[in-house]
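Inspection log for the structure reproduced underneath, given as structure tokens.
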Amino acid sequence: MQLDEIKISKAIIESYSRKLIEALDVDVAIVGAGPAGMVCGYYLAKAGKKVVLFERKLSVGGGMWGGGIMFNEIVVQDKAKGILDEFGIKSRRYEAGYYLADSIESVSTICSKAVKAGLKIFNLMSVEDVMVRSRKVVGLVLNWTAVEMANLHVDPITMRAKVVVDATGHPAEVARIIERKSGIRLKTKTGKTLGEGSMWAEVGEETIVQNSKEVCSGLYACGMCANAVFGGPRMGPIFGGMLLAGKKVAKDLIKKL
Ligand code: 48F
């Protein structure tokens, strides 16, 4: 058999187009493929929810690959060790209460398990806006990251979701779009995003899980984004809170949907 380049191209275009059309109307749309977003997607997909994830970058994993200062190890505390075990990620006890895992194994395993569970990940796509009806977030506005980077004047496409999860990390991009454009009051003390505080791992890891919750009708915050929205400190290269936050939001949404 001779390989036909046109057949290869057709296969990719047909298959991707089908996948994208399927993604235009879902139960949950997650923005950001950091650890929090992917863990959330894993549990939702495992529970049979139709869930898609849009990631701006070429690679998934967000801030997890680089561990701390590019030393590719992550630290996870007692409370979240069970999630590493559940994913089958090897961890080593450092001292009582502190576990270490290889960040490359962590990202690749979480991603692999999430995709195999049924999460559809679209990389190279940026969420540039939301769709709001009757003061509820009902969908996302998407464009290619390449369009965004090149600053091209190209119109986006739109998809519908019963719930959107903002897992964009420090910038809390979806919540800030809503704050800027919709006039919706967020469920924070001021009705606006409160911004993250300076490093405090102990408090940050606790609040990140508590803050991973509904931001306004149709939108949940998950992971670092939650502390940026509701006001909580950053925590550096300890990742248990991100894993626990992803699991918590998934659990809440499984109940809700
Ligand atoms: O930043 P990120 O890893 O968020 P996370 O899952 O985890 C935070 C930790 O990595 C670290 C930390 C640990 O102590 O504080 O920062 O909460 O992943 C966020 C992902 O969202 C993507 C971004 O490229 C990254 O991969 N992202 C951000 N904005 C958009 C987006 C957008 N508008 N559209 C699509 N993807």
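The values are calculated or read from the model by the stated rules, or taken from the named source; none is laboratory data. Note that the structure is predicted; figures quoted are calculated from it, not measured. Cβ sites come from the backbone with ideal geometry, for glycine too, and all protein chains shown count toward neighbours. The area values use the complete protein model at the heavy-atom level, side chains included, leaving out ligands, DNA and RNA. Shrake-Rupley method; radii C 1.70, N 1.55, O 1.52, S 1.80 Å.
A search for C-beta distances below 6 Å between a residue of region 45-65 that is without any contact (Cβ under 8 Å) to a residue 60 or more places away in the chain and any residue that is open to solvent by 10 Å² or more (accessible area, probe 1.4 Å) and acidic (Asp, Glu), counting only pairs 6+ apart in sequence or on different chains, returns Lys50/Asp27.
If you take the residues of region 49-104 that are among the aliphatic types (A, V, I, L, M) and open to solvent by 30 Å² or more (accessible area, probe 1.4 Å), which of them is farthest from Glu128 (Cα to Cα)?
Only one residue tops the list, namely Ala96.
Per-residue answers, yes or no, for (1) more than 10 Å from the ligand (Cβ to nearest atom); (2) open to solvent by less than 20 Å² (accessible area, probe 1.4 Å):
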residue: Val215; (1), (2): yes, yes
residue: Cys222; (1), (2): no, yes
residue: Ala226; (1), (2): no, yes
residue: Val229; (1), (2): yes, yes
residue: Ile238; (1), (2): no, no
residue: Leu244; (1), (2): yes, no
residue: Ala250; (1), (2): yes, yes
residue: Lys255; (1), (2): yes, no
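Of the residues making up region 102-156, those that are within 15 Å of the ligand (Cβ to nearest atom), free of Cβ contacts under 8 Å to residues at least 24 places away in the same chain and assigned to a strand (DSSP E or B) are Val141, Asn143, Trp144.
Can you give me the ranges of the helices (runs of 4 or more DSSP H) entirely in region 1-99 with at least 1 residues that are among the hydroxyl-bearing types (Ser, Thr, Tyr) and within 16 Å of the ligand (Cβ to nearest atom)?
Values: elements: 5-22, 35-46, 78-87.
Counting at least 1 such residues, we get 35-46.
Across region 157-169, the qualifying residues are those that are within 12 Å of the ligand (Cβ to nearest atom) and part of a strand (DSSP E or B), and the one among them that is surrounded by the fewest Cβ atoms within 10 Å (Cβ to Cβ) is Val164. Would you confirm whether or not region 202-216 contains a residue that is in a loop (DSSP other than H, G, I, E, B) and either within 30 Å of Asp78 (Cβ to Cβ) or modelled with pLDDT of 95 or more (or both)? Yes, region 202-216 has at least one match.
Taken over region 170-187, residues that are within 11 Å of the ligand (Cβ to nearest atom), out of contact with any Cys (no Cβ under 6 Å at 6 or more places or on another chain) and in a loop (DSSP other than H, G, I, E, B) amount to 2.
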